[in-house]
Amino acid sequence: MEEKHFIDEKKYISDAVLGLNDGLISNLALVAGVAGAVAHSNIVLIAGIAEVLAGAISMMSSNYLSTKSNSELYDKELEREKQEIRDMPDVERQEIRDIYAKKGFKGKDLERVVEVITSDEEVWLRVMMEEELGFGKVSNKNPMKAAGFTGLAFVLGAIIPVIPFMIFSLSAQALPYAVSFTAAVLFAGGAAKSKFTVKKWYVGGFEMVAIGIFATALTYNLGLLFQI
């Protein structure tokens, strides 16, 4: 039972990674920009905390609506395809035949594939959804859960660049620590993510750090232009 629960939660990893990375980079860029403009950490701290809350709400809303829309679209197309299989089985069976003929099947092998697939309506539907309509496998995410994972991860990521401004009174003192802490987490996240790709772990790590540093440098220099 615990294993099934773990597998169910794994489909939300991408939502958590999205929220964490967005929180780290966007809030580091924000506090860097404000730190470039003002000397005192309290102003940067207020801006950073505001971004933690506003960003989390924005990310949760966006992911909720996106996940819900994708699920609704899939369900709509699934019902349409199901109805077509029941109303026009010969037409839909020919579509299966055409799909697998393009994959190189022919003769008795092709007819056997068509027979096996169309003998099970659930398999037939899945093949039509994936092969004809290009939906791929659907994870059946709960929109509320997806939003929750994204929002929580965003908060955890976004709070990291803010912590040094709670400790140091001057933004110039706090910013190097904010950059260092955030870069360390970004590197770890990029390195971990590379396990699922062909990239070397250190390439994935440095890639994430480079994105964060670029955004930070850009906003910090913009902040200097409007220095108070």
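The values are calculated or read from the model by the stated rules, or taken from the named source; none is laboratory data. In this text the structure is predicted, and so the values were computed from the model without any measurement. In this analysis, Cβ positions are derived from the backbone assuming ideal geometry, glycine residues included, and neighbour counts consider all displayed protein chains.
Yes or no, residue by residue, for (1) farther than 30 Å from residue 22 by Cβ; (2) out of contact with any Phe, Trp or Tyr (no Cβ under 8 Å at 6 or more places or on another chain):
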{"position": "35", "(1), (2)": "no, no"}
{"position": "53", "(1), (2)": "no, yes"}
{"position": "59", "(1), (2)": "no, no"}
{"position": "95", "(1), (2)": "yes, yes"}
{"position": "105", "(1), (2)": "yes, yes"}
{"position": "112", "(1), (2)": "yes, yes"}
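With the structure loaded, tell me whether residue 127 is over 24 Å from the mean Cα position of the chain (by Cα), crowded, with 18+ Cβ neighbours inside 10 Å and more than 24 Å from residue 44 (Cβ to Cβ) or whether it fails that test. Show your work before the answer.
Numbers: over 24 Å from the mean Cα position of the chain (by Cα): yes; crowded, with 18+ Cβ neighbours inside 10 Å: yes; more than 24 Å from residue 44 (Cβ to Cβ): yes.
So residue 127 passes the test.
Which condition breaks for residue 192 when tested against (1) touching a residue at least 40 places away in the same chain (Cβ under 8 Å); (2) of a type in the set (A, V, I, L, M, F, W, C); (3) surrounded by fewer than 18 Cβ atoms within 10 Å (Cβ to Cβ); (4) in a helix (DSSP H, G or I)?
Condition (1) is where residue 192 drops out.
Quick one: is residue 138 farther than 30 Å from residue 28 by Cα and at pLDDT below 90? It would help to see each step written out before you state the result.
Numbers: farther than 30 Å from residue 28 by Cα: yes; at pLDDT below 90: yes.
The answer is yes for residue 138.
Residue 110 is checked against (1) within 18 Å of residue 90 (Cα to Cα); (2) buried (at least 19 other Cβ atoms within 10 Å of the Cβ) and fails just one. What number does that condition carry?
So the condition that residue 110 fails would be (2).
Note down all Cβ pairs under 9 Å where the first residue falls in segment 208-228 and is touching a residue at least 12 places away in the same chain (Cβ under 8 Å) and part of a helix (DSSP H, G or I), the second is surrounded by fewer than 21 Cβ atoms within 10 Å (Cβ to Cβ) and among the basic types (Lys, Arg), and they're at least six residues apart or on different chains.
That search, which allows pairs on different chains as well, returns 208/193.
Those residues that are closer than 22 Å to residue 178 by Cα and either among the acidic types (Asp, Glu) or assigned to a loop (DSSP other than H, G, I, E, B) (or both), I need them from segment 195-207; list them, please.
Passing the criteria: only 207.
In segment 199-208, which residues are under 19 Å from the mean Cα position of the chain (by Cα) and either farther than 15 Å from residue 157 by Cα or modelled with pLDDT of 95 or more (or both)?
If the condition is that a residue be under 19 Å from the mean Cα position of the chain (by Cα) and either farther than 15 Å from residue 157 by Cα or modelled with pLDDT of 95 or more (or both), then 199, 204, 205, 207 are the ones that fit.
Please give the helices (runs of 4 or more DSSP H) falling wholly within segment 1-104 in which 2 or more residues are over 29 Å from the mean Cα position of the chain (by Cα) and over 30 Å from residue 196 (Cα atoms).
On the way: elements: 2-10, 13-37, 41-87, 89-102.
Output list reads 13-37, 41-87, 89-102.
Take the residues of segment 144-174 that are among the aromatic types (Phe, Trp, Tyr) and under 28 Å from residue 37 (Cβ atoms): which is surrounded by the fewest Cβ atoms within 10 Å (Cβ to Cβ)?
Taking the candidates together, the pick is 168.
Give the residue, chosen from 62, 66, 119, 58, that is modelled with pLDDT of 90 or more, closer than 30 Å to residue 176 by Cβ and surrounded by fewer than 17 Cβ atoms within 10 Å (Cβ to Cβ). Break it down into steps so the answer makes sense when it comes.
Working: 62 fails: closer than 30 Å to residue 176 by Cβ; 66 fails: closer than 30 Å to residue 176 by Cβ; 119 fails: closer than 30 Å to residue 176 by Cβ.
Matching residue, one of 62, 66, 119, 58: 58.
Considering each of 44, 31, 38 in turn, give the residue that is under 30 Å from residue 145 (Cα atoms), among the hydrophobic types (A, V, I, L, M, F, W, C), surrounded by 13 or more Cβ atoms within 10 Å (Cβ to Cβ) and modelled with pLDDT of 90 or more.
Step by step, each of 44, 31, 38 is checked, and only 31 is under 30 Å from residue 145 (Cα atoms), among the hydrophobic types (A, V, I, L, M, F, W, C), surrounded by 13 or more Cβ atoms within 10 Å (Cβ to Cβ) and modelled with pLDDT of 90 or more.
Sort through 84, 95, 51, 79 and tell me the only one that's free of Cβ contacts under 8 Å to residues at least 40 places away in the same chain and closer than 30 Å to residue 148 by Cβ.
Criteria check complete, one pass: 79.
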